[in-house]
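Visitor: This is the structure I have questions about; it appears just below.
The values are calculated or read from the model by the stated rules, or taken from the named source; none is laboratory data. Source: prediction; values computed, not measured. Using ideal geometry, Cβ is built from the backbone for each residue, glycine included, and neighbour counts are taken over all protein chains shown. What goes into the accessible areas is simple: the full protein's heavy atoms, side chains included, and nothing from ligands, DNA or RNA. Shrake-Rupley method; radii C 1.70, N 1.55, O 1.52, S 1.80 Å.
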Amino acid sequence: SEASLAYDVRGPLPTADGRPPLFLIGAPMDASGFGTLAGHLTDRTVVTYDPRGLGRSTRTDGRTTHTPQQHADDVHRVIEAVGGPVEMFASSGGAVTALALVAAHPDDVTTLVAHEPPLLHVLPDADRAIAATRAVQAVYEAKGWAHGMAAFIALTSWQGEFTDDFSATAAPDPATFGLPAEDDGARSDPLLSHDSDAIAAFRPDVPALTAAPTRIIVAAGIESKDALTWRTAVATSQVLGQELTVFPSDHGGFLGGEFGQHGQPEAFAARLREVLDA
């Protein structure tokens, strides 16, 4: 619907091993972030895609906002195109998409690994976490990408529950992180603008997820421990009545140099394989 979705299939369809394809999704990250991880899973047929309005996927609806429901509908269409069901590894905003997908289309996914979903409303300190996010967005609006990203790094690396003084301390110098300080004037970054508010604000449909035949595994990287998306993962696993599944590395633990970030992709892929095979 008013979008053209680009997706990739690595390996044969139907699959060589009789297992469902493995669909890797993120948000706002597109398929370009999954190259290294897919390279460690060459025995599987791996599907990736670019969310609408990102990467190669275009949209003509005139909007720039991202909602889990719309992304879930898009992913459902890709699954239909490749002949699902699929196994799924979903990271960050993609994990929120995946939880919306399983609630709406429970037969699409046999096993879901939901890695560090940034679901703010499940937190005990939800109000302060939302206020902290708003503070980051205000820095971005006022000063541009580098200052906004520096504030975002402060947000995502904050340990434990947010205190009221977060917004006072959330404006580190971009140079600390090697970010260029000049403002290019753009305010359309899906991570720093209000465009992805609906993703962080999403409330998972716990009865639907519990009733779904999908095996749901909520995961987080050990190096994220006590940071924001570790805590949202812990709280999400608790509302689903399960224990958190721990992965190596951090929020981008599967990255092998994409976006200049290095996780532990080999160990990460081994853990993903172990969890999917369990």
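Visitor: I'm told R77 meets every condition in (1) more than 13 Å from P190 (Cβ to Cβ); (2) touching a helix residue (DSSP H, G or I) at 6+ places or on another chain (Cβ under 9 Å) except one. Can you identify the failing condition by its number?
Guide: Among (1) more than 13 Å from P190 (Cβ to Cβ); (2) touching a helix residue (DSSP H, G or I) at 6+ places or on another chain (Cβ under 9 Å), R77 violates only (2).
Visitor: Let me ask something else. For residues that are more than 18 Å from the chain's Cα centre (by Cα) and not in a loop (DSSP other than H, G, I, E, B), scanning just segment 233-259, find the one that is surrounded by the fewest Cβ atoms within 10 Å (Cβ to Cβ).
Guide: My answer is Q238.
Visitor: Any idea which of (1) surrounded by fewer than 21 Cβ atoms within 10 Å (Cβ to Cβ); (2) over 24 Å from P12 (Cβ atoms) is the one P85 doesn't satisfy?
Guide: (2)
Visitor: Consider only pairs whose beta carbons are under 8 Å apart and that are at least six residues apart or on different chains; among these, list those whose first residue lies in segment 47-58 and is assigned to a loop (DSSP other than H, G, I, E, B) and whose second residue is of a type in the set (S, T, Y) and open to solvent by less than 40 Å² (accessible area, probe 1.4 Å).
Guide: D50/S57; P51/S57; P51/T97; S57/Y49
Visitor: Scan segment 235-256 and report the pairs whose first residue is at positive phi and whose second residue is open to solvent by 30 Å² or more (accessible area, probe 1.4 Å) and polar (S, T, N, Q), with Cβ atoms within less than 9 Å and a gap of 6+ or a chain change.
Guide: That search, which allows pairs on different chains as well, returns G241/T210; S249/Q264.
Visitor: Out of all the residues in segment 142-171, which are more than 22 Å from E116 (Cα to Cα) and of a type in the set (A, V, I, L, M, F, W, C)? Quick ask: steps written out before the conclusion?
Guide: We begin by selecting, within segment 142-171, every residue more than 22 Å from E116 (Cα to Cα); these are 142-147, 164-165, 167-169, 171.
Across segment 142-171, the qualifying residues are A142, W145, A146, A168, A171.
Visitor: With the structure loaded, tell me whether V96 is open to solvent by 30 Å² or more (accessible area, probe 1.4 Å), in contact (Cβ under 8 Å) with a residue 40 or more places away in the chain and within 29 Å of S237 (Cα to Cα) or whether it fails that test. Spell out how you get there, then give the answer.
Guide: On the way: open to solvent by 30 Å² or more (accessible area, probe 1.4 Å): no; in contact (Cβ under 8 Å) with a residue 40 or more places away in the chain: yes; within 29 Å of S237 (Cα to Cα): yes.
Against the criterion (open to solvent by 30 Å² or more (accessible area, probe 1.4 Å), in contact (Cβ under 8 Å) with a residue 40 or more places away in the chain and within 29 Å of S237 (Cα to Cα)), V96 does not qualify.
Visitor: If you don't mind, there's one more thing I want to ask. Tell me which of these I222 doesn't satisfy, since it passes every other one: (1) surrounded by fewer than 16 Cβ atoms within 10 Å (Cβ to Cβ); (2) farther than 21 Å from A278 by Cα.
Guide: (2)
Visitor: Hey, which of the helices (runs of 4 or more DSSP H) in segment 114-210, taking only ones fully inside, have at least 1 residues that are hydrophobic (A, V, I, L, M, F, W, C), within 27 Å of L272 (Cβ to Cβ) and open to solvent by less than 60 Å² (accessible area, probe 1.4 Å)?
Guide: Numbers: elements: 126-143, 145-157, 166-169, 197-200.
Filter on segment 114-210 gives 145-157, 197-200.
Visitor: Is it the case that some residue within segment 15-27 is in contact with a helix residue (DSSP H, G or I) (Cβ under 8 Å, 6 or more places away or on another chain), of a type outside the set (A, V, I, L, M, F, W, C) and open to solvent by less than 10 Å² (accessible area, probe 1.4 Å)? Please lay out each step first, then the result.
Guide: Narrowing segment 15-27 to residues in contact with a helix residue (DSSP H, G or I) (Cβ under 8 Å, 6 or more places away or on another chain): 21-27.
Those still in the list that are of a type outside the set (A, V, I, L, M, F, W, C) too: 21, 26.
Right, trim to open to solvent by less than 10 Å² (accessible area, probe 1.4 Å) and you get 21, 26.
Checked segment 15-27: at least one residue is in contact with a helix residue (DSSP H, G or I) (Cβ under 8 Å, 6 or more places away or on another chain), of a type outside the set (A, V, I, L, M, F, W, C) and open to solvent by less than 10 Å² (accessible area, probe 1.4 Å).
Visitor: So in segment 158-181, with the set limited to residues that are in contact with a helix residue (DSSP H, G or I) (Cβ under 8 Å, 6 or more places away or on another chain) and among the polar types (S, T, N, Q), which one is nearest to Q261 (Cα to Cα)?
Guide: T176
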